[in-house]
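Values quoted throughout were computed directly from the atomic coordinates according to the rules given, and no laboratory measurement underlies them. What you see is a predicted model, and the numbers here were worked out from it, not measured in a lab. Cβ: placed from backbone, ideal geometry, glycine included. Neighbour counts: every protein chain shown.
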């Protein structure tokens, strides 16, 4: 019977999936940080140690060699820029 067959397969993310995941996460974080009239979100992001996981994204294993030229990496840089602009305006 088919019910006895173990159909659970290990899902291994490819480079494209990994880059897409980074891009989606960074677009989400950037929208939260940049669509605010005050600097509360940026300050809270840094206070809650959000920079650590943000920088850990850049050290993920098995990133492709062309990662610095991808939209995903540009999205990470854009989030960093939003935080930097926020702190320069203080």
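Results, tabulated for the structure shown:
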quantity	calculated
Rounded if a/c under 1.5, otherwise prolate or oblate - region 21-63, Cα gyration tensor axes	oblate
Estimated distance in nm for a label pair at residue 20 and residue 48, the labels positioned 7 Å out from Cα along Cα-to-Cβ	2.7 nm
Gyration tensor (alpha-carbon) shape descriptor, region 14-88, a/c threshold 1.5	prolate
Calculated FRET efficiency for the pair residue 62/residue 89, C-beta based, R₀ 35 Å, to 0.05	0.40
Simple spin-label estimate for residue 27 and residue 81 in nanometres, 7 Å along Cα-Cβ	1.7 nm
Relative contact order (percent, whole number), region 14-88, Cα cutoff 8 Å, 6+ residue spacing	54 percent
Burial ordering of 70, 14, fewest other beta-carbon atoms within 10 Å first	14, 70
